[in-house]
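What follows is a short report on a single structure.
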Amino acid sequence: MAAFHLSSLFSDKAILCRRQEIRVFGEAEKGTELTVTLLSASGDVLGSDRVTERNGRFLALLPPQEAAMHCTLRVSDGKTAALACDIAIGDVYLAGGQSNMELELKDADDGPAAVRRHENVLVRYYNVPKYALNTPEADRANAEAGWREIRPGEGRDMSAAAYFFAMKLQQELNVPIGIIDCYWGGSSITCWMEKETLESIAEGQRYIKEYKKSAGRKTMEQYLAEEKVFEQGMADWNARADQVRRERPGVTAPELNSLLGPFPWFPPVGPGSPYRPAGLSETMLRRIVPATLTGVLFYQGEEDTGRTECYDVLLKAFISQLRRQFQNLALPFLNVQLPMWIPAGGTDTGTWPRLRQAQQRVAQEVSHTDLAILIDQGEYDNIHPTNKRVVGERLFFCAMNTVYGVPAPEAPRAVSKYTRDKTLYIQLSAPVTANGQSDLLLEVAGQDGVFYPAEAELDGSLLRLSHPNVPRPVMARFAWADYASAPFFSENGLPLAPFWLV
């Protein structure tokens, strides 16, 4: 038996990150000395490193490379050698978050058709196995995981948003593109944060305390029994939903909820839950640390809308954690702003716009980040919109602007304001036009902070806002609603981004 094992992240057909130090890692027996070598398609040595086991693991550092195909990774202890073949070098993105990043290509608009016909071996993906606990079963699944190419019949289980992003980016750059899928539906941002990170901020401490209180002294056996009941309930609902879809192709999410009742989303809490703070950081994210990344794609926040008013604090700490873990203090972080959504029969809570505002603050205040605006993409009573092509393409725009420095379409934003007489003037980053709807989602307030629906005049990139009850308007906000239709668009087709100017 070999005294070492490469992480499956470096198995056949893997994509390594170009133009950066390449970090290769795995497990090794105590005292094992290894030579890790990267070979070109012609057999030339591109880089080599000699390393020794440390705490059961090894980490080799190889020099930066340009994009390439058909490379080989060789690891040897002098007695046994392991080869990973058909390695590509290109750009590698981590796709993380919760269910809207998790939504698979087979379930997305255009997805089934794409799976039948697509073929692009320069786009590959690696799914981090989904396990809530570090068990022998999880270890086996991670050892057996691997990279897959985009070929006809393949890719059904790839993140749809990441797929459309990767296909667009590969076509633009003409280099290999790798996606590392690492997500879990329903997860809070705190699930992906290390315990040390959470304990370093008050909001993280609060999440930990609240979870411990809700879990009580529940044993693992009690938790697993509750989880079994929960999973059976979800399986039953999904089976009935699949039957309805077969009988009524095109049935909508609201119609399903009306026929079957709401999706039984009441996961139990306890020591084995994937939703415990720091849990998925320990069981999934750590499996791929410290791989070399080009950037991060992140679509998350729904789970935290009603749980925190300090999401920006958590998100900033999470970005800092990722940059430390993946050893790149300027690691690009491309986030997705939550779209519009409200459940059937629900009332507007103001929690979704508050979280969108927090996402916007982070994009403005943290370097090497960007935010894909989706305010026009929400669906009534469907928290999982299936048009993931739009998500992927808007993340692509963010990448071109933020990662590659190539001008790409941007959503118009409010950039400044001033008050003159009884009118508040707002300068936008680009001209917009109204789509003709009566509710423009614009509000104004005076120093008292009481908002009123604004009387608005639009002149290209200038908004004039007023209201009879606000003699001197100094504050304005736009799209402050859980769910509504986006009224303003730029000539590039992108919606005006939500804002709150004070």
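Summary of values
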quantity	calculated
Looking only at region 247-260, and only at residues there that are at pLDDT below 90 and not aliphatic (A, V, I, L, M), the one that is surrounded by the most Cβ atoms within 10 Å (Cβ to Cβ)	N257
Hits in region 388-405 - residues which are in contact (Cβ under 8 Å) with a residue 24 or more places away in the chain and in a loop (DSSP other than H, G, I, E, B)	V403, Y404
Tally, over region 262-319, of residues that are outside any loop (DSSP other than H, G, I, E, B) and more than 24 Å from I15 (Cβ to Cβ)	13
Scope region 45-56; condition more than 21 Å from R18 (Cα to Cα) and either touching a residue at least 40 places away in the same chain (Cβ under 8 Å) or surrounded by 14 or more Cβ atoms within 10 Å (Cβ to Cβ) (or both); matching residues	V51, E53
Pairs with Cβ under 8 Å, 6+ apart, first in region 158-171 and within 11 Å of V391 (Cβ to Cβ), second polar (S, T, N, Q) and buried (at least 24 other Cβ atoms within 10 Å of the Cβ)	A161/N100
Restricting region 425-464 to residues that are in contact (Cβ under 8 Å) with a residue 60 or more places away in the chain and surrounded by 17 or more Cβ atoms within 10 Å (Cβ to Cβ), the residue that is farthest from G493 (Cα to Cα)	I426
Cβ-Cβ under 7 Å pairs, at least 6 apart or on other chains, region 255-278 side on the phi > 0 side of the Ramachandran plot, far side of a type in the set (F, W, Y)	G270/Y223
Sole exception among (1) in contact with a helix residue (DSSP H, G or I) (Cβ under 9 Å, 6 or more places away or on another chain); (2) surrounded by fewer than 16 Cβ atoms within 10 Å (Cβ to Cβ) for F25, by number	(2)
Only one of Y425, Y404, Y380 that is under 30 Å from V251 (Cα atoms) and more than 15 Å from the chain's Cα centre (by Cα)	Y380
Test set (1) exposed (fewer than 13 other Cβ atoms within 10 Å of the Cβ); (2) more than 29 Å from Q300 (Cα to Cα); (3) at pLDDT 95 or above - S416 fails condition number	(2)
Counted residues, region 415-452 - those being under 24 Å from G350 (Cα atoms), in a loop (DSSP other than H, G, I, E, B) and among the acidic types (D, E)	2
Residues within region 14-63 that are of a type in the set (G, A, S), part of a loop (DSSP other than H, G, I, E, B) and on the phi < 0 side of the Ramachandran plot, tallied	4
Some residue of region 404-412 being under 26 Å from R19 (Cβ atoms), modelled with pLDDT of 95 or more and of a type in the set (F, W, Y)	yes
Scope region 259-296; condition closer than 17 Å to V128 by Cα and among the aliphatic types (A, V, I, L, M); matching residues	A278, L280, M284, L285, I288, V289, A291, L293, V296
Answer from P385, P409 - the residue that is part of a loop (DSSP other than H, G, I, E, B), touching a helix residue (DSSP H, G or I) at 6+ places or on another chain (Cβ under 8 Å) and either over 30 Å from L256 (Cα atoms) or without any contact (Cβ under 8 Å) to a residue 60 or more places away in the chain (or both)	P409
Among (1) closer than 29 Å to Q170 by Cα; (2) modelled with pLDDT under 95, the one test that Q321 misses	(2)
Qualifying residues in region 338-382 (those that are in a loop (DSSP other than H, G, I, E, B) and of a type in the set (S, T, N, Q)) - the one farthest from C310 (Cα to Cα)	Q377
Output for region 457-487, where each listed residue is within 19 Å of Q437 (Cα to Cα) and not in a strand (DSSP E or B)	G460, S461, A479, W480, A481, D482, Y483, A484, S485, A486, P487
Residue under evaluation P332, criteria (1) buried (at least 17 other Cβ atoms within 10 Å of the Cβ); (2) closer than 24 Å to T252 by Cβ; (3) in contact with a helix residue (DSSP H, G or I) (Cβ under 6 Å, 6 or more places away or on another chain), criterion not met	(2)
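Residue-by-condition table, conditions (1) closer than 24 Å to F263 by Cβ; (2) assigned to a strand (DSSP E or B); (3) touching a residue at least 24 places away in the same chain (Cβ under 8 Å):
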{"residue": "E66", "(1), (2), (3)": "no, no, yes"}
{"residue": "R74", "(1), (2), (3)": "no, yes, yes"}
{"residue": "C85", "(1), (2), (3)": "no, yes, yes"}
{"residue": "A95", "(1), (2), (3)": "yes, yes, yes"}
{"residue": "D109", "(1), (2), (3)": "yes, no, yes"}
{"residue": "V121", "(1), (2), (3)": "no, yes, yes"}
{"residue": "Y125", "(1), (2), (3)": "no, yes, yes"}
{"residue": "A132", "(1), (2), (3)": "yes, no, yes"}
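The values are calculated or read from the model by the stated rules, or taken from the named source; none is laboratory data. Please read all numbers here as calculations on a predicted model, not as lab measurements. Here the Cβ is made from the backbone with ideal geometry for all residues, glycine too, and neighbour counts use every protein chain on show.
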